[in-house]
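The structure under discussion appears below in the form of structure tokens.
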Amino acid sequence: MKHILMAGVALVAMSSMIGSANAAYALVMKGPGAGNPFWAAVEKGAKDKGAELGVDVVVVAPPAETDVQAQVSQVEDLIAQKVEGIALAPTDPGALAPVVDAAKAAGIPVVFVDTLGSNEGVTFIGTNNEVGAALAAKYMCDNLPAGSEVAILQGVMAHSTAQFRANGSKQGLEACGLKVVAEQTAEWDRAKGLSVTENILAGNPNIKGIFGSNDNMALGAVEALKAAAKKDVMVVGFDANPDAAAAVLAGDMAATVAQAPANMGGFGIQALVDLKGGKTIEPVIDTGTVLVTKDNAEQYK
């Protein structure tokens, strides 16, 4: 109940913006930007693009990335508010599919950002997560002896993003002869990344590498390794958020994979405006991935 009330507070503020706006487009994120540099960058990209195009952009998010029902309620309210378009990062593609169909039936264009949804005919704007995870796996393969034990910290496995990163990393790690001894979800969360890593270390004392499917979990793994005085375990993350870039420069993380979260938000709003204007857009818009090491981490701080 508390989560729904919190979502409602956000929507009260949103509705006042829509009432006096020009054309209001909505970005519905999987989690709040506060405390998560990735979503903060997605939000900034969307708002900057709105300013450039002269349209109003409202941003809402459930209290947590696991709060599927709150996000469903938010999209339902956006439909009732008759927003011009919705750029949606679905917490659970299957659970959000009916409200996406409802938006389309109401004449409201929808695009997916960051996470691929399950509705056919809806453009996806984001990272090729399997390719990005394979980049991380290749780095670990190139820098760890064959046969080394490694672990994967997974995201929320209801998310296609988590599935693609888990699959891409595992395939790459095993293909080069590394041994994946643990695959556990830490739900994109830093504190859970710490606790899950502690559990993995307890059962696998010889582990030599950890891939975190996002930087929050990877940074949690770093904390766990420091507490256990394990200095010989490689940690690679995904997102290249400023904290992770700083950790790479400090030598606490070996590498991370950069996305373009600001582009996800910005391209999402641009796509909605184009759709509203009767234009045709590509079914998939790839925002790209780059391996970030000490050589280029400074530009991601």
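Just a few scattered comments:
- Over all other residues within a Cβ to Cβ distance under 13 Å of Met29, the charged ones net out to -1, with Lys and Arg as +1 and Asp and Glu as -1.
- Projected area averaged over orientations for the chain, convex hull of C-alpha atoms, nm²: 15.1 nm²
- Share of carbon and sulfur in the accessible heavy-atom surface of the chain [1.4 Å probe, %]: 52 percent
- Counting only lysines at least 8 places from Lys49 when in the same chain, those with an alpha carbon closer than 21 Å to its own are Lys30, Lys82, Lys276, Lys279.
- Kyte-Doolittle mean at least 0.5, axial Cα span of 15 Å or more - DSSP H helices of the chain: 2-19, 93-105
- Cα gyration tensor, the range 131-211 - rounded (a/c under 1.5), prolate or oblate: oblate
- Taking a straight line from the alpha carbon of Lys294, these aspartates and glutamates sit under 17 Å away, with near neighbours fewer than eight places off in the same chain left out: Asp142, Asp215, Asp239, Asp243, Asp252.
- Note on the range 99-205: Lys pairs 8 or more places apart or on different chains, Cα atoms under 27 Å apart, count 6.
- Residue-normalised accessible area of the chain, expressed per residue, 1.4 Å probe, Å²: 41 Å²
- Virtual spin-label span in nm between Val131 and Lys104, 7 Å along Cα→Cβ: 2.5 nm
- Highest-fluctuation residue, Thr91, Thr280, Thr123 considered, GNM on the chain with Cα pairs under 10 Å: Thr280
- Efficiency of FRET between Glu282 and Asn199 - r from beta-carbon atoms, R0 35 angstrom, step 0.05: 0.25
- Dividing the helix sum by the residues of the chain, where each DSSP H run of 4 or more adds -39500 (n - 2.57), gives a mean residue ellipticity at 222 nm of -15500 deg cm²/dmol.
- When only Cα pairs below 8 angstrom with a gap of at least 6 residues are kept, the chain shows a relative contact order of 19 percent.
- Calculated log₁₀ intensity ratio I(q)/I(0) where the Debye formula runs over C-alpha points of the range 77-235, q = 0.14, 0.15 Å⁻¹: -0.71, -0.77
- Packing rank of 109-115, 234-240, 284-290, where each peptide gets the mean count of other beta carbons within 10 Å, highest leading: 234-240, 109-115, 284-290
The values are calculated or read from the model by the stated rules, or taken from the named source; none is laboratory data. Everything numeric in this text was worked out from a predicted model, so none of it was measured. Because the Cβ atoms are built from the backbone with ideal geometry, glycine has one as well, and the counts that use them run over all protein chains shown. Keep in mind that these areas ignore ligands, DNA and RNA; they rest on the heavy atoms of the full protein, side chains included. Shrake-Rupley method; radii C 1.70, N 1.55, O 1.52, S 1.80 Å.
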